[in-house]
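Each remark here refers to the structure printed beneath this line.
The values are calculated or read from the model by the stated rules, or taken from the named source; none is laboratory data. These numbers were taken from a predicted model, which means no experiment stands behind them. We place every Cβ from the backbone using ideal geometry, glycine too, and count neighbours over all the protein chains shown.
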Amino acid sequence: MEEQPKKRDLWEKFALVLQSSGGLLTALTVALIGFIGSSYLKDRELSESSTRERMQAYETNVRIYTELMSRREESESALRKDMFVSIIQSFLRPGTTTLDERVLNLELLSYNFHESLNLKPLFIYLEEKINATGDPRMKRYLDRLYNVATEISRKQMLVLESAGQKTDRIVDFETLKQNPGGFPLEEATLTVEGTTRQFSLFVLAVDRKKREVSVRLEIKTPKDNLGNVDMSSVEFRVGFFDFPMIDNTRLTRDQRVAVVLNAFEEESADVTLAYFPGSYASLKEKPYYQEVVQKLMGINEVTARKP
């Protein structure tokens, strides 16, 4: 009987200790939570501040880069404009320049503006002037003329090949003699941007003096899965001064096809057929608004199908 009160006193003391320490533990817990919360908020504010600083620095760098590029483009455009005016005046006032200077001016004009200007009339004009002079250096001038034309076609083809497809063919002049009405070359099936077309090139005639080949190009485009096709054809001449970005045939779906003369020998010629998107044509070749709308609608349809 005496031990029970002693045990009860022990439990009462333990309860008193818990009650007195409960308030302290609560205060410590509240203080700890407050410290952790304030630290978290402080770290979050620092992180947000750092993010804002990074974004501001990024926007500043982008703005500075854009301004520098804009000024650079303006200065280059002004330089190219002055160059163009100076060069073109030499052709408008032919009496003030020598034949050598005209060839040099055409080279400068071709290498700097071949993607935006149709220079074929100037090449033909200068070729006629060279042939009419009887200058002993005539062959050297003509070689320079053909070399720059070949180099421009090569540069443009490198760009077009990266976005489209091509096929090379050899035109045998002896075969043309045996078939004076023309003869077909091997057909080619090419695909660009999901559109497959079949190209047939027919050789009609050869002009050895002008180094040109007359051809007829037939294009077949599948219309549906039932075998129906849309067919179109066009006839034209191909020479060294026909550059693919400028002298090309417009197709549906904002696409282009061009035939390039790579080499012209005594008994044969080397030609290339290039099939490429219309966005890679020259700056003067703009897509029709209907083609732009159709392309945008196609993009929207693809986006809507994605999960």
Counting only residues that are of a type in the set (Asp, Glu) and modelled with pLDDT under 90, segment 216-229 contains a total of 1
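For every residue, the table says whether it meets (1) in contact with a Cys (Cβ under 8 Å, 6 or more places away or on another chain); (2) hydroxyl-bearing (Ser, Thr, Tyr); (3) crowded, with 16+ Cβ neighbours inside 10 Å; (4) touching a residue at least 12 places away in the same chain (Cβ under 8 Å).
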residue: 203; (1), (2), (3), (4): no, no, yes, yes
residue: 207; (1), (2), (3), (4): no, no, no, yes
residue: 213; (1), (2), (3), (4): no, no, yes, yes
residue: 226; (1), (2), (3), (4): no, no, no, no
residue: 231; (1), (2), (3), (4): no, no, no, yes
residue: 239; (1), (2), (3), (4): no, no, yes, yes
Candidate set: segment 259-294, residues that are surrounded by 13 or more Cβ atoms within 10 Å (Cβ to Cβ) and aromatic (Phe, Trp, Tyr); chosen: the one modelled with the lowest pLDDT: 280
Selection count, segment 98-154, where residues are of a type in the set (Gly, Ala, Ser) and closer than 12 Å to residue 242 by Cα: 2
For segment 244-258, give me each residue that is outside any loop (DSSP other than H, G, I, E, B) and polar (S, T, N, Q). 249, 255
Based on this model, can you work out whether residue 162 counts as under 16 Å from residue 271 (Cβ atoms) and either modelled with pLDDT of 90 or more or not aromatic (Phe, Trp, Tyr) (or both)? no
Could you tell me whether residue 48 is over 30 Å from residue 154 (Cβ atoms) and at pLDDT 70 or above? yes
